[in-house]
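**Student:** My questions will all concern the structure given below.
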Amino acid sequence: MTNKQKNDPADKLLTLNPITLAAQRAARADVKRDSIILLALVAAGVLIQLALIYYGFANVLWIIIFLGILYLISNWRQWRAYTKHELHCPYCTKPLTNGIQLLKRPGPYCPHCGEIALATGRQLENQKT
Ligand SMILES: [Zn+2]
């Protein structure tokens, strides 16, 4: 087993107290719900790109700008959900976010102690309240 496999969040059993479990479930539900909005933005962006191609204004720069905006929005919605639900590390109890960082996606590890702090979707579903 490699180091990467040993550190895979899905392999480590993360037991959360009921408050942390509820907060992580709520944050995950928010991110999931926002995915519909992101999907609508993708659909609108594709339609706009097709219109630009049809009217002869197609440009690779527009596509790069569009994809960059989608990436920033995707990161923002994840950070916003984690900040809104005040997720804390189950090990050191420090907050998992220090504000929104648009250029970086939130990871499963605690920025303070390095432990895996976010449960996977399967772990959240399987844990009893
Ligand atoms: Zn921690």
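**Student:** ³J(HN,Hα) across the range 119-127 via Karplus (A = 6.51, B = -1.76, C = 1.60, θ = phi - 60°), whole Hz, x for Gly/Pro?
**Tutor:** For the range 119-127, the Karplus-derived couplings read 7, 6, x, 5, 5, 5, 6, 7, 6 Hz, x marking Gly and Pro.
**Student:** Further, regarding this structure: Sorted from largest to smallest, which semi-axis lengths in Å does the alpha carbon gyration tensor of the range 21-96 give for its equivalent ellipsoid, taking the root of 5 times each eigenvalue? Let's see the in-between values first.
**Tutor:** Details: eigenvalues 258, 31, 6 Å².
The three semi-axes for the range 21-96 are 36, 12, 6 Å.
**Student:** Using θ = phi - 60° and the Karplus form 6.51 cos²θ - 1.76 cosθ + 1.60, what ³J(HN,Hα) does each residue of the range 77-84 get, whole Hz, x for Gly and Pro?
**Tutor:** Per residue, the Karplus-derived 3J(HN,Hα) values read 5, 5, 4, 4, 5, 5, 6, 4 Hz.
**Student:** Less than 13 Å from a label point 7 Å out along the Cα-to-Cβ axis of A26: which backbone N atoms in the range 72-98 qualify, by residue?
**Tutor:** 81-88
**Student:** Right, another one. Using a Förster radius of 41 Å, what is the FRET efficiency between L50 and C113 based on their Cβ-Cβ separation? Nearest 0.05, please.
**Tutor:** Values: r = 48 Å, r/R0 = 1.17.
After rounding, the FRET efficiency stands at 0.30.
**Student:** May I ask you to evaluate 6.51 cos²θ - 1.76 cosθ + 1.60, the Karplus curve with θ = phi - 60°, for each residue of the range 55-67 and list the ³J(HN,Hα) values in order in whole Hz, giving x for glycine and proline?
**Tutor:** Here the 3J(HN,Hα) series is 8, x, 9, 4, 7, 4, 4, 4, 5, 5, 4, 4, 5 Hz.
**Student:** Non-local amide H neighbours of H88 (under 5 Å, H modeled in plane, Pro and chain starts lacking H): which ones?
**Tutor:** Here L96 satisfy the definition.
**Student:** I've got another one for you. Apply 1/(1 + (r/R0)^6) to the Cβ-Cβ distance of K84 and L38, taking R0 = 22 Å, and write down the FRET efficiency to the nearest 0.05.
**Tutor:** With R0 = 22 Å, the Cβ-Cβ based efficiency is 0.85.
**Student:** Sort all Cα-Cα distances of the chain into consecutive 5 angstrom bins from zero, then give the percent of pairs in each bin up to the one containing the longest distance.
**Tutor:** Once binned at 5 Å, the Cα pair distances of the chain give 2, 10, 16, 18, 16, 12, 9, 7, 5, 3, 2, 0.
Just so you know, all these numbers are worked out from the coordinates, no wet-lab data involved. The model shown is predicted, which means the values in this text are computed figures rather than measured ones. Glycine also receives a Cβ, built like all others from the backbone with ideal geometry; neighbour counts cover every protein chain displayed.
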